[in-house]
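The values are calculated or read from the model by the stated rules, or taken from the named source; none is laboratory data. These figures come from a predicted structure and were not determined experimentally. Every residue, glycine as well, gets a Cβ built from its backbone with ideal geometry; the counts of neighbours run over all protein chains shown. We work out accessible area using only protein heavy atoms, side chains counted, and drop any ligands, DNA or RNA first. Shrake-Rupley method; radii C 1.70, N 1.55, O 1.52, S 1.80 Å.
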Amino acid sequence: QSAAPAAPLAYVSNEKSGTISIIDTRTDQVLGELRAGSKPRGAAVSADGRQLYVSDQPANALLLVDLATRSVSGRIELGESPEGVSISADGRWVAAASELSNGVAIVDTATQRKLLTISTRGKNPEHAVFSPDGRWLYVSAEEADTVDVIDMQKREQVASITVGRRPRGIAFTPDGKRAYVACELANTVYAISVPEHRVLISIPAGEFANGVTMRPDGRRVFVSNGRAGTVSVIDTSDNRVIDTVAVGQRPWNMAITPDGSKLYVANGRSGTVSVIDAVGNRKLRDIAVGELPWGVVIR
């Protein structure tokens, strides 16, 4: 009899603890934790699932974590104060946004080396997220109130999209035609036409809208509201908020399981991760993790 396939694992970066908590998404039990620098923030898992890329903010570095041994196996120097980390759909590139350097480092996963740093016009880039086809890299520039658009073929910024105050999280629809960006001080989410690099509509969200995650079927987008302690659920067919789910204190960055059934929300001030039924839009449970969880990535 063959063994049941392993459930996806959720990796939670705990800023204050300097750890990554590992959650089994089938049982919602914490399997353990690993050390990851002094202040881990953004994270991405390699295409083969063997490695975790984690930004260590005070060290200005991207840590390479071997998930088999659960230990740091290497590091790549980045710009000052790195935050959001993402990986292209083909697994070839990792992007890490560095706030104080106003740039995005591009790491070649084949060589585990930094290929180049692309400067952004907007100040204080927080998240850098690849479009599904890998053509575009959207970067939220907190202090510029813009989303900077990097063309990965040209390897340079080619557009700047004005949004609301303090843009943070970004998520694309699966077809890559739209992107959703949460603006914290505007309490608003902006839907962007990717082919045209322009705002289509603004959607009122909760107080201090922050993290953004797309359901894999593209029908729902979830937005964490930091001060409100909630997650807004937006129907992408008409761009309306259809539900609001209470979570912990200071919900931040989130991730969803590959089958779209469960959303995991890092609650910074609660030291927990809230698990949401992403179909029925209700909270299932809270899981205790480390101190000041910043975000979640699932593989």
In whole µm²/s, the translational diffusion coefficient that Stokes-Einstein assigns to the stretch 166-299, given a Kirkwood hydrodynamic radius over C-alpha pairs, 4 °C and 1.567 mPa s, equals 91
Here the convex hull volume per residue of the stretch 87-158, taken over Cα atoms and given in Å³, is 71
Dividing the surface of the Cα convex hull of the stretch 1-131 by four yields a projected area in nm² of 8.8
Per GNM of the chain with C-alpha springs under 10 angstrom, the most fluctuating residue out of 249, 29, 51 is 29
Note: the stretch 62-115, point scatterers on Cα, Debye, no solvent; log10 I/I(0) at q = 0.14, 0.19, 0.27, 0.32 Å⁻¹ equals -0.36, -0.66, -1.12, -1.25
With the 1.4 Å probe rolled over protein heavy atoms, the stretch 58-102 has an accessible area per residue in Å² of 41
Scaled by the rule-of-thumb 2.2 N^0.38 Å, the alpha carbon Rg for the stretch 107-245 gives a ratio of 1.02
Everything considered on the Cα gyration tensor (a ≥ b ≥ c; rounded for a/c under 1.5, else prolate if a/b is larger than b/c, else oblate), the stretch 237-280 must be described as oblate
Sorted largest first, the Cα spans of the stretch 94-134 on the principal axes come out in Å as 30, 22, 12
Ranked by GNM mean-square fluctuation in the chain (Cα springs under 10 Å), the top entry among 266, 44, 97 is 44
Length gained if residue 6 through residue 291 is fully extended, taking 0.36 nm per residue and subtracting the Cα-Cα distance, is 99.9 nm
Quick calc, the chain, dipole around Cα centre from Cβ unit charges on Lys, Arg (+) and Asp, Glu (-), nearest 20 debye, gives 160
Per GNM of the chain with C-alpha springs under 10 angstrom, the most fluctuating residue out of 241, 279, 199 is 279
Sorted list, accessible surface of protein heavy atoms, 1.4 Å probe, largest first, for 21, 270 is 270, 21
In Å, the C-alpha Rg and Dmax of the stretch 160-207 are 10.0, 30
Expected field for residue 73, accessible surface area in Å² at 1.4 Å probe radius, rounded to 10, holds 80
Expressed in angstrom and ordered largest first, the alpha-carbon extents of the chain along the principal axes are 50, 43, 39
Whole-percent carbon and sulfur contribution to the accessible surface of the chain (1.4 Å, no ligands, DNA or RNA) stands at 44
Between residue 143 and residue 162, the two model label points (7 Å from Cα along the beta-carbon direction) sit apart by a distance in nm of 2.0
Contour minus Cα-Cα span, residue 249 to residue 29, at 0.36 nm per residue, comes to 77.1 nm
